[in-house]
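These notes are about the structure you will find just below.
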Amino acid sequence: MFVRNKMHANPFTISPDQTIPDAHEIMSKHNVRRLPVVKNGKLVGVVSKEDIIQASPSKATTFSMGEIAYLLSKTKISQIMSRNLITISSNALLEEAALLMRDNNVSFLPVVDDGKLVGIITESNIFDAFIELLGFREPGTRLTVEADDAPGIMANLTSIIGNYGANIDHVAVYRGSHGKSAIVLGINSLNTTELEASIEKQGFKILYKLQNK
């Protein structure tokens, strides 16, 4: 799956010449925590709620509310935004986005194509894609099967399932230790009792079963 399939296209943005109250209003109105900063169509930074908090006077300040409001109204986004940006292309794989977020300890990435901001992708988008790829919300049975990590094992499993007329909707493999793997199979059937017996008869071990009705 590609970044373009899960990103938020046409995100809310702000200009570097706008002010902290402008950013706060946009964030509150649209319930977002960060805004790409765009100038002349080019991404130049990102401003977050945390940036605004850090730039705001402390609660222990002696300034009056009027003075605080005046100071904030004079503080431009360009003064508080983050400039060291990590971006990704809309044609990149979701796995690449996840690695960039993880390795750089960030929770979202601006999506840039040919120098133009086309969207943003967040941790929540990655989580949604993970759930979708594994078919966690779809009706059917999910079997987690322990198997030897060896050639031909997957073909053996799929042939057993095929013999029962069931269809594999989703599959994931988690490699373990001691030459064993856990294979998660999403099957489009709730009636899998005989299938499970056949799988175990062939030397596999069913570790877990989950059914969605």
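Brief remarks follow.
- Whenever a residue of the stretch 188-201 is assigned by TED's automatic domain parsing to the domain that holds Val171, its partners that are surrounded by 11 or more Cβ atoms within 10 Å (Cβ to Cβ) and basic (Lys, Arg), lying with C-beta atoms within less than 8 angstrom and at least six residues away or across chains, give the pairs Thr192/Lys209; Glu196/Lys209.
- Set Glu96, Glu138, Glu146, Glu196: member being under 28 Å from Met7 (Cβ atoms), of a type in the set (D, E, K, R) and at pLDDT 90 or above: Glu96
- Members of the stretch 12-58 that are farther than 17 Å from Ser73 by Cα, assigned to a helix (DSSP H, G or I) and in contact with a helix residue (DSSP H, G or I) (Cβ under 9 Å, 6 or more places away or on another chain): none
- Residue count, the stretch 59-80 (criterion: within 30 Å of Gly115 (Cβ to Cβ) and either modelled with pLDDT of 95 or more or in a helix (DSSP H, G or I) (or both)): 4
- Checking Leu109, Leu207, Leu143, Leu190 one by one, the residue that is under 30 Å from Arg34 (Cβ atoms) and among the hydrophobic types (A, V, I, L, M, F, W, C) is Leu109 and no other.
The values are calculated or read from the model by the stated rules, or taken from the named source; none is laboratory data. Here the structure is a predicted model, which means the values were calculated and not measured. Neighbour counts are summed over all protein chains in view; Cβ atoms, including those assigned to glycine, are modelled from backbone coordinates with ideal geometry.
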